[in-house]
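The values are calculated or read from the model by the stated rules, or taken from the named source; none is laboratory data. Because the structure is a prediction, the values reported are computed rather than measured. Don't worry about glycine lacking a Cβ; one is built from the backbone with ideal geometry, like all the others, and counts go over all protein chains shown.
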Amino acid sequence: MTEEAIEKENAAIAKAYKELLKVSYQTLSREDKKLIRHAFEVAVDAHKDQRRKSGEAYIFHSIAVAKIVAQEIGLDATSIAAALLHDVVEDNPNFTIVDIERLFGDTVARIVDGLTKISSLKKDMDVSLQAENFRKMLLTLNEDVRVIIIKIADRLHNMQTMDSMRSDKQVKIASETLYIYAPLAHRIGLYNIKTELEDLGLKYTQPQVYNDILNKIEDSKEEQDTYIKDFSKVIKDSLNKEGLKYEIKGRPKSIFSIRRKMVKQGVSFDEVYDKFAVRIIYKSDLKNEKFLAWKIYSIVTDHFTPNPIRLRDWISSPKSTGYEALHITVVGPKSRWVEVQIRSERMNEIAEKGYAAHYKYKNEDEKEDSLDLWINRLQETLENNEADAVDFVEQFKLNLYSKEIFVFSPKGDLKSLPKGATPLDFAFSIHTEVGMKTRGAKVNGKLVPLSYELTSGDRVEILTSENAKPNSNWLDYSTTARARSKIKSALNADKKEIGEDGKEILRRKLKQLKITLNEKSVNEMVNYFKLKTSLDLFYRVGLGTIDNGMLKSYASSRSNVLVSYLKNKITRKPDAPKDVDKEEITSKYDMLVFGKEEEKLDYTHAKCCNPIPGDKVFGFLTINDGIKVHKKNCPNAVSLQSNYAYRIMQAKWIDSSQQEYTSQIVLSGLDDLGLVNDVTKVISSNMHVNMKSLNFSSDDGIFKGKITVVVKNKAMLKKLMENLKKINGIDKVTRV
């Protein structure tokens, strides 16, 4: 570079730095400015030999990230300094975390260390590794939430300056952004950044779609501006009459959200009905905020008819991200839908800056509380490390993006839950122990099934019992990550308990077959029965799905193997290469069941999407070919579901050892006082049997009973029937 170019660049760096101080959202003291200056000097020195792909000096990236942190997210001087230093340790071997701690103190060092850890995670990876990294990244929250916030700012600037990269790199980084960073920004309440990340993500993953929508928005921009002007004019006169201080802004919906609506509703760009929103931001002190919001609401609805279903009141009960506003959708001029968002200046800052703006309006103690509350919420989601990482991220994202509902406890406390939540989710959100002991639930005073979908305003009461415990159906009834992870842990503990009994049973049975239970024989049986782990084996023996007959055939296969092994030794044949076990994947999900009753039916796989065991699927009843099974995300799924909804059947892959069967038992005998009590006692003392219905009648001294029970397998049913026969007065027990 020529001397002139260097001078020019240095001037540009100095200018960028000055701008950073100017745009800072927090008021910076002299100490703050000193800290930022020091961080800037260290960063300039550390990155002096580095350039970005575009050719510009690397320090511009550090300043840009600090600027996003200072201006758009509104964090303090400590965070601005950490943002300037975010790549120093990673990119320059002469600087270590110890140096940063010596120069800038403990907090800045902790944040930079967290950022360095995230950066050192593997870059080229598939989704599951990405998910694992995501979890590790979130675990740095224990250290400091600012780590994640600066990471989001770093990602935003990388996305804004990705043009000079190879296209495959662009797609990779953009997909990761949509998968991980946009949901995170949403959760932290950084809505503007989330929107920009989503739009940029779409720009690089589906450029054609992105440009197409962008052009259409630009084409109609003039018309939209005029429309919003006309719309605002009508309201302005009334607002002025009331002497309100306010401003009205129009804004088009983001490209990503327009695209999402087009896909979800299967409509074209022109048919998306609320492509723009109008924001009314009013001045108010804290005392009158709520009153004024509803006053503005009544003025808007005096002029334009509201859609009653689309009223969102996040002022009385703010979102868990801290977002407060009143949203209404009204019929504007030319009969078009317009979303009107009503916010005070304080609410608007919170919507744009997330937690940083909360800080501005709170005293020191409250600041700690609101941030702690938020981190605790995230921590709960992270506690469960047993979950498969992809599963974990999917659950985490569900909880991040889900729309919220608000329900009441019997005492009138308000709880926010994701849309689609059930009483079971509510129970676990109160306390794990309440969840585990849930026996039933009342919503608005009426008993409801645990799978009941709650809606905003419901009053939920959980009925508990000391004897209640989770069963595998609970996973179908719960939607929140917290509930699901606790239920899975409980089911695993249950499985272990049955497995321990199974191990002892197996030891006894093998002894009769002259086989010792040791590591070798356990591994042989795991392979022979096509299972994954020894626990699967013991569990199945404990349940009775692996019975005497099956163990005998294992024993005989064992002796055959020995004979053929000896023959082999004599003829000295080289070992044949082992076939890779194709059934490994299918051993966990080895059965497909249909409908609420989970029946086994004949089916064929659809050629268009070739589902494999474990995929999320549904059954489609064809006219000539019986049931065809399609993947949920099959290209034809949407049209089948919309045109032939009545032919769609629920379907899912399950582990056959987990399947339960419904069976009917008929009893007859001599009527006797207390007989019904004896019968129900026998059934309820059988651990793995559930009663679905009973019907008893007595006619001239003859007793007849019909019971429907749900059992895991025949062995259990047989045992139950034998126990029923032993009851005094029972003469005959038969299975229908």
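Considering only residues of the range 40-65 that are touching a residue at least 60 places away in the same chain (Cβ under 8 Å) and within 36 Å of the chain's Cα centre (by Cα), which is surrounded by the fewest Cβ atoms within 10 Å (Cβ to Cβ)? Selected residue: 53.
Collect the residues in the range 267-308 that are of a type in the set (Gly, Ala, Ser) and either under 21 Å from residue 235 (Cα atoms) or in a helix (DSSP H, G or I) (or both), keeping them in residue-number order. Residues satisfying the conditions are 277, 284, 293, 298.
One residue stands out among those in the range 168-193 that are aromatic (Phe, Trp, Tyr) and over 11 Å from residue 321 (Cβ atoms): the one that is farthest from the chain's Cα centre (by Cα), which is 181. Residues considered: 261, 233, 203, 216. Of these, the only one that is more than 29 Å from residue 161 (Cα to Cα), assigned to a helix (DSSP H, G or I) and not polar (S, T, N, Q) is 233.
Taking the range 622-736 as the region of interest, the strands (runs of 3 or more DSSP E) fully inside it that hold 1 or more residues being without any contact (Cβ under 8 Å) to a residue 40 or more places away in the chain and either polar (S, T, N, Q) or assigned by TED's automatic domain parsing to the domain that holds residue 602 (or both) are 627-631, 648-654, 690-699. Taken across the range 238-248, residues that are of a type in the set (Val, Ile, Thr) and either at pLDDT 90 or above or not assigned by TED's automatic domain parsing to the domain that holds residue 338 (or both) do occur, with at least one present.
Condition (residue is modelled with pLDDT of 85 or more, closer than 20 Å to residue 418 by Cβ and outside any helix (DSSP H, G or I)) applied to the range 325-336: is it met by at least one residue? Among the residues of the range 325-336, at least one is modelled with pLDDT of 85 or more, closer than 20 Å to residue 418 by Cβ and outside any helix (DSSP H, G or I), which makes the answer yes.
Among the criteria (1) under 22 Å from residue 541 (Cβ atoms); (2) surrounded by 13 or more Cβ atoms within 10 Å (Cβ to Cβ), the one residue 668 does not fulfil is (1). Taking residue 516 as meeting all but one of (1) at pLDDT 85 or above; (2) assigned to a helix (DSSP H, G or I), write down the number of the exception. It is condition (2) that residue 516 fails.
All conditions but one from (1) more than 28 Å from residue 689 (Cβ to Cβ); (2) outside any helix (DSSP H, G or I) apply to residue 426; the one that does not is (2). Report yes if some residue within the range 309-319 is modelled with pLDDT of 90 or more, outside any helix (DSSP H, G or I) and hydrophobic (A, V, I, L, M, F, W, C); otherwise report no. Yes; the residues of the range 309-319 include at least one that is modelled with pLDDT of 90 or more, outside any helix (DSSP H, G or I) and hydrophobic (A, V, I, L, M, F, W, C).
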